[in-house]
Amino acid sequence: MPQERTTGASPGTVVTALLAGGAIALGVTLFLMALTAWLIAGGSMGEEWAGRAGMVGAALGCLVGGRYAIGSVRSRALLVGLGTAALFLLLWLGAGLLLPESGGGSGLVPLTVAALGGGAASGLLSAFHKKRRK
């Protein structure tokens, strides 16, 4: 009997990498938003930057989290990056549902575009990075 080759990562590895990437994306986003709030409170930044900080934080968070997840899985970079962004959005919505004073779904479309853009960018950047052969 010929032996079968497995070319992809196991489903457990993929799920673990996506969860870790989504958590990293959420952590980076919250850190950047807290940094922006601190700068606004200190007077170094204007209040008009508060809305933009969430979008930039989501994009950079999904970029960093997606790169981590892609490094763990090492296959199908674009799908893993977009999966990380989708998981980040689910975590963000879940945290928003826990807060009674949240604005509901206001600003959800720009946040979705920013997160998916960051996840896709991580996938595309990883797809062009080739391993060196020895």
_Filter result for the condition that a residue is more than 18 Å from L124 (Cα to Cα), aliphatic (A, V, I, L, M) and crowded, with 16+ Cβ neighbours inside 10 Å, over L111, L18_ = L111
*asked:* Can you tell me how many residues within region 36-50 are in contact with a Gly (Cβ under 9 Å, 6 or more places away or on another chain) and open to solvent by 60 Å² or more (accessible area, probe 1.4 Å)?
replied: 0
*Can you tell which of A23, A85, A58 is in a helix (DSSP H, G or I), surrounded by fewer than 22 Cβ atoms within 10 Å (Cβ to Cβ) and hydrophobic (A, V, I, L, M, F, W, C)?*
A23
_Can you go through A77, A69 and tell me which one is over 16 Å from V28 (Cβ atoms), modelled with pLDDT of 85 or more and either open to solvent by less than 40 Å² (accessible area, probe 1.4 Å) or in contact with a helix residue (DSSP H, G or I) (Cβ under 8 Å, 6 or more places away or on another chain) (or both)?_
A77
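Quick check on M55: is it hydrophobic (A, V, I, L, M, F, W, C) and in contact with a Pro (Cβ under 9 Å, 6 or more places away or on another chain)?
yes
The values are calculated or read from the model by the stated rules, or taken from the named source; none is laboratory data. What you see is a predicted model, and the numbers here were worked out from it, not measured in a lab. Here the Cβ is made from the backbone with ideal geometry for all residues, glycine too, and neighbour counts use every protein chain on show. Just so you know, the surface numbers come from the protein's heavy atoms only, side chains and all, with ligands and any DNA or RNA stripped out. Shrake-Rupley method; radii C 1.70, N 1.55, O 1.52, S 1.80 Å.
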